[in-house]
Amino acid sequence: MLIYKIFRQNEWADLVAQGQTAGAPIDLIDGYIHFSTAETLRETAAKHFAGAQGLILAIVESDNLTADLKWEVSRGGALFPHLYRDLKLDEVVSHSELELRDGAHVFAEGIA
């Protein structure tokens, strides 16, 4: 199953430069990297990244993270994937910039 992580430009640049990341400041505070599913991605973008430009959407295959990925109840009772270790760049299967159009992020067809 594909899961999704939204990065700010500087966070993505750090991941590319270092080859791994412990995540965004909120991830560091919570002690795990927050991911979204296709069903929760739009709400995550709207809630935590409203109006933000230059975001990068990273796509990760959850099967490759099985030992360290926990599915936990969060917003509205939905299950969210949380990674309890650093994410490695080579675990990102693809990425793209999120376009901001009319105040909302635009996702590729088939995502969100």
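The values are calculated or read from the model by the stated rules, or taken from the named source; none is laboratory data. Source: prediction; values computed, not measured. Every residue, glycine as well, gets a Cβ built from its backbone with ideal geometry; the counts of neighbours run over all protein chains shown.
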> Which residue, of Glu109, Glu99, is of a type in the set (D, E, K, R), without any contact (Cβ under 8 Å) to a residue 24 or more places away in the chain and more than 16 Å from Thr44 (Cα to Cα)?
Replying inline: Glu109
> Is it true that Ala52 is over 12 Å from the mean Cα position of the chain (by Cα), under 20 Å from Ile111 (Cα atoms) and not basic (Lys, Arg)?
Replying inline: yes
>> I'd like the residue in the stretch 82-100 that is among the acidic types (Asp, Glu) and out of contact with any Asp or Glu (no Cβ under 8 Å at 6 or more places or on another chain) and, out of all such residues, is surrounded by the most Cβ atoms within 10 Å (Cβ to Cβ).
In response: Asp86
> Does Ile111 count as under 14 Å from Phe35 (Cβ atoms), surrounded by fewer than 18 Cβ atoms within 10 Å (Cβ to Cβ), of a type in the set (Val, Ile, Thr) and out of contact with any helix residue (DSSP H, G or I) (no Cβ under 9 Å at 6 or more places or on another chain)?
Replying inline: no
>> Step by step: first the residues of the stretch 1-51, then only those that are basic (Lys, Arg) and touching a strand residue (DSSP E or B) at 6+ places or on another chain (Cβ under 9 Å), then the one that is modelled with the lowest pLDDT. Which residue is that?
In response: Arg42
>> List pairs: first residue in the stretch 1-26 and farther than 21 Å from Leu41 by Cα, second residue modelled with pLDDT of 95 or more anywhere in the structure, Cβ distance under 7 angstrom, at least six positions apart or on different chains.
In response: Asp14/Thr21; Val16/Leu89; Gly19/Lys88; Gly19/Leu89; Gln20/Asp86; Gln20/Leu87; Gln20/Lys88; Gln20/Leu89
> Which of the residues that make up the stretch 15-51 are β-branched (Val, Ile, Thr) and crowded, with 17+ Cβ neighbours inside 10 Å?
Replying inline: Thr21, Ile33, Thr37, Thr40, Thr44
